[in-house]
Structures are given as C-alpha cells and as structure tokens.
Amino acid sequence: MHDLKSQINPEKVPQHIAIIMDGNGRWAKQKGMPRVLGHHSGVKSVREVTEAAAQIGVKYLTLYAFSTENWNRPPAEVTALMSLLVETIKGEISDLNKNGVRLTAIGDIEALPAATLKTLKEGIEKTKDNQRITLVLALNYSAKWEILHATRLLAERVKSGELNPADITEAMFEQVLSTHGIPDPELLIRTSGEARLSNFLLWQVAYAELYFTPVFWPDFGQKELFEAILSYQNRERRFGRISEQLT
Ligand code: FPP
C-alpha cells in the first residue's frame, strides 16, 4: 500500500477526479444481502477514497451519487438512498471540517426531496471555508439536463438582446454549466466492469482519461484509487498533438 503511494508522481496528480460509483447492488447480491446494504458499504468507500485523494493533493473529487435516471429504481430503494444521503451528510460534517473537505453539489438539486435538500444545503454551508479538497456530489444529475439547462440560460440572454449567438464561446458555455468554477476532470473512473458514461459530465470529460475497473464500488478503496492514478500517470496526454510535440 505504502509502496503504491510512493510510486505516484506528486507533480502529475490529477487536479480533479470524477467517479461513477457502480456495483453496490451486485456487491450486496453476491453476499446474499439486500441491495441497500451495498449502498451502506459504498459510503465507507466514499470516506476512504475522499481521504486518500486529499492526502495526495487531488483538489476536486466528483462522485456520481444519484442520476436523474435513478428515480426509476424501486421506490423503496430511492427512499433508502435519500435517507442514506441525509444520514451520511449529517454524520460526516464534523469529520469533513476536521479534514478540510468542502462539500458542494451539481445537478438539479432543487428537485430533491425537501429533507435531502435541506441537509445538503446545511452541509454545503457548514463546510464552505474548507480548502484541502472539494467533494462534489452529483445529485439528480444528468449531463444532458445540464447542457440543456445551460443552453436555455444562454438563449434567454440572446432573447433579451444582451448576447449575440456568434459571440458564444466555450468559456461562456462553461460558465453556465453546473460545474462552473471547477476545472475539468483529468481522470474519470468507473467501477464494476461497465464501460459506459451513463450521462455523466459529457461536456467536461472531453479530454479526460477513462479508467474502468471490475472492482465493485464497496471494494474500491485507497489502494484501488492509487492504482487508477498510476495508470493515469503512465498515459501520454496529447490533446490532438503528436508525441514529439510534447515536452
Ligand atoms: C451504484 O450502484 C450506486 C448508486 C447509484 C448510489 C451510490 C450511492 C452511495 C455510495 C451512497 C451515497 C452517499 C454519499 C455520501 C455520496 P448500483 O446500485 O447501480 O449497483 P448495481 O449496478 O450493482 O445494481
């Protein structure tokens, strides 16, 4: 474990890592347990991975905690996930503050159940001055929703005569995404063996390195995070150029 960490080049640690936490249900099923216990175990991974990321200098960690499509799950599971979020945020605030973790969220959060929204806003408010790492929870998030929402905001400005369509730039578009102010992730991890983006950060991952691992989210911890970072550091990021042009 220590050995893995010492192999990480501190100069090339991604500023922002995004994770699609997948496989909680299958992890639980494999053990003959109800799915919701998989989500409970998933919270342990959230804690361990956040701390490990902060330790090596990652500044932003975005976790896909609940997608717009997740409302289609059985109602009991949706309710359990919402309660777990409330419980977890309430229970973790003092540890988040001790460890310098600032909590924030992306997605259509105003449409979350009132209790979830209230706790989330409290968590965001109470951790807003922390600077070691920002933990971004994607909640009621979908990238297509986000892009549409951004388009509507810009269209309003065009309609009011304030903005000319020809003057719309990438930077301006980024300003109206829910991730405004957050650098794009350099590394996107998905657990549980699925190789899909599932409507997550489609704009922001344009140049991200993608890392897929068969490990289920509840089994993903510090060691697995460091392995993903080492894989990332061994890749050559060319951004459309050729090898010889990179210094
Ligand atoms: C994916 O596994 C997991 C989710 C949709 C929920 C993730 C939520 C948590 C880990 C808890 C949230 C807590 C915080 C504080 C972020 P799955 O249910 O899709 O697994 P499956 O594909 O095996 O069915």
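Values for this structure:
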| item | result |
| --- | --- |
| Order of Leu139, Leu154 - criterion: other Cβ atoms within 10 Å of each residue's Cβ, fewest first | Leu154, Leu139 |
| Structure-based [θ]222 nm, the chain - -39500 (n - 2.57) summed over DSSP H runs of at least 4, per residue, nearest 500 | -13500 deg cm²/dmol |
| Cβ-based charge dipole, the chain, positive-most Cα from Ile182, Trp71, Ile168 | Trp71 |
| Projected area averaged over orientations for segment 51-174, convex hull of C-alpha atoms, nm² | 9.5 |
| Paramagnetic reach from Ile56 in segment 187-202 [backbone N under 14 Å; point 7 Å along Cα→Cβ] | 187-189 |
| When each of Lys31/Lys98; Lys90/Lys121; Lys5/Lys59; Lys12/Lys126 is checked by Cα-Cα distance, pairs over 22 Å | Lys31/Lys98; Lys12/Lys126 |
| DSSP-assigned coil residues among chymotrypsin sites (Phe, Trp or Tyr not before Pro) in segment 187-247, each with at most 15 further Cβ atoms within 10 Å | Trp203, Tyr207, Phe239 |
| Nonlocal amide H pairs with Asp22, under 5 Å, H built at 1.01 Å | Thr191, Trp217 |
| Alpha-carbon centroids, segment 62-80 and segment 125-168: separation in whole Å | 22 |
| Segment 179-222: C-alpha gyration tensor shape, a/c 1.5 cut-off, then a/b vs b/c | prolate |
| Karplus (6.51, -1.76, 1.60) ³J(HN,Hα), θ = phi - 60°, over segment 229-241, in Hz, Gly and Pro reported as x | 5, 5, 4, 4, 5, 8, 9, 9, 9, 9, 6, x, 8 |
| Value of Rg/Rh across segment 113-247 [Cα atoms, Kirkwood radius] | 1.02 |
| Calculated P(r) of segment 1-85 - Cα pairs past 20 Å, % | 45 |
| Segment 51-118 pair-distance distribution - Cα-Cα, 10 Å bins, rounded % | 16, 48, 28, 8 |
| Those trypsin sites (Lys or Arg not before Pro) in segment 15-76 that DSSP places in a loop and that have at most 14 other beta carbons within 10 Å | Lys31 |
| Exposure proxy ranking, count of Cβ atoms within 10 Å, fewest first, for Asp167, Asp22 | Asp167, Asp22 |
| Modelled label reach - Ser198, point 7 Å along Cα→Cβ, segment 22-49 residues with backbone N closer than 11 Å | 22-26 |
| Computed over the chain: relative contact order in percent, which uses C-alpha pairs under 8 Å that are six or more apart | 29 |
| Rh by Kirkwood over Cα pairs, then Stokes-Einstein D for the chain at 0.692 mPa s and 37 °C, µm²/s | 171 |
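FYI, it's all coordinate maths here, none of it is from the lab. Source: prediction; values computed, not measured. With ideal geometry, Cβ positions are generated from the backbone for all residues, glycine too; neighbour counts draw on all protein chains shown.
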